[in-house]
Ligand code: URA
Ligand code: SF4
């Protein structure tokens, strides 16, 4: 089976993890992407957020959530009373998965990772959770939810409630919500309501910090 496990160092902090992840060959996704996009942020953060995978901008810049979805996320965090600068942000899968748009050879279209790719990349997420030991984990969208909680996870059913679950051998407190890119994809008439839902769920996470 695909797995990142042999690439994960047994010791060292974030810098050691990041360096090792740059050379990960645990699944085929490293072949076409530009680089590994590892998590970023405050390793003593109380809130750790998990997205799906890097997008086009993240693949170019090497940092998570630096594109349009990241701007939506930062605004919602700030409005929910969570300082984006005091979080740790990462993705369920660390390489960008895409296909080429046949009509525009250069455009790269995001493709969702498979369960096999998510579980291959899981050891990196486990290492990040063990390092940061967050008080609350925010699960951004269906992919992150399935990666952490299994394939039966449903955003619609599980969003906006504080959950306590075993994740990679640790008991974590989690709050799930939609992926911030759902706000960008929503019809103009729905956008405010979709954003309001994201904000309400993040407020649940903020309250869970006490
Ligand atoms: N979407 C994600 O899930 N993660 C990113 O880092 C950027 C966009
Ligand atoms: Fe390794 Fe994850 Fe990249 Fe696959 S997606 S090569 S497991 S870092």
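Neighbouring Cβ atoms within 10 Å as the yardstick, rank 163, 118 fewest first.
On the way: 163 13, 118 23.
So the residues, fewest neighbours to most, are 163, 118.
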Distance in nm between pseudo-label sites at residue 164 and residue 61 (7 Å out along the Cβ direction from Cα):
3.8
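Cut-off is 10 Å between beta-carbons; in what order do 148, 48 appear when sorted fewest neighbours first?
On the way: 148 22, 48 27.
Lowest to highest Cβ neighbour count: 148, 48.
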Global form of the range 107-170, assessed from the alpha-carbon gyration tensor, a/c cut-off 1.5
oblate
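In percent, how large is the relative contact order of the chain, given Cα pairs closer than 8 Å and 6 or more residues apart?
Computed over the chain, the figure is 23 percent.
Quick one: grab the alpha carbon gyration tensor of the range 65-147, order the square roots of its eigenvalues as a ≥ b ≥ c, and give me rounded if a/c is under 1.5, else prolate or oblate depending on whether a/b is larger than b/c. Spell out each step's value before the answer.
Details: a/c = 2.63, a/b = 1.34, b/c = 1.96.
The shape class here is oblate.
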In whole Å, what is the distance between the alpha-carbon centres of the range 190-210 and the range 78-129?
21
Mind sorting 111, 97 by how few other Cβ atoms lie within 10 Å of their own Cβ, fewest first?
111, 97
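Summing -39500 (n - 2.57) over the DSSP H runs of n ≥ 4 in the chain and dividing by its residue number, what mean residue ellipticity at 222 nm do you reach, to the nearest 500 deg cm²/dmol? Could the numbers behind the result be given before it?
Details: 8 runs with 80 residues, N = 210.
Taken over the chain, the calculation gives -11000 deg cm²/dmol.
For the chain, what class follows from the C-alpha gyration tensor (a ≥ b ≥ c being the square roots of its eigenvalues): rounded when a/c is under 1.5, otherwise prolate if a/b is larger than b/c, else oblate?
oblate
Values in this text are rule-based calculations from the coordinates and carry no lab data. Treat the numbers as computed from the prediction; the structure is a model and nothing was measured. Note: ideal-geometry Cβ built from the backbone for every residue, glycine included; neighbour counts use all protein chains shown.
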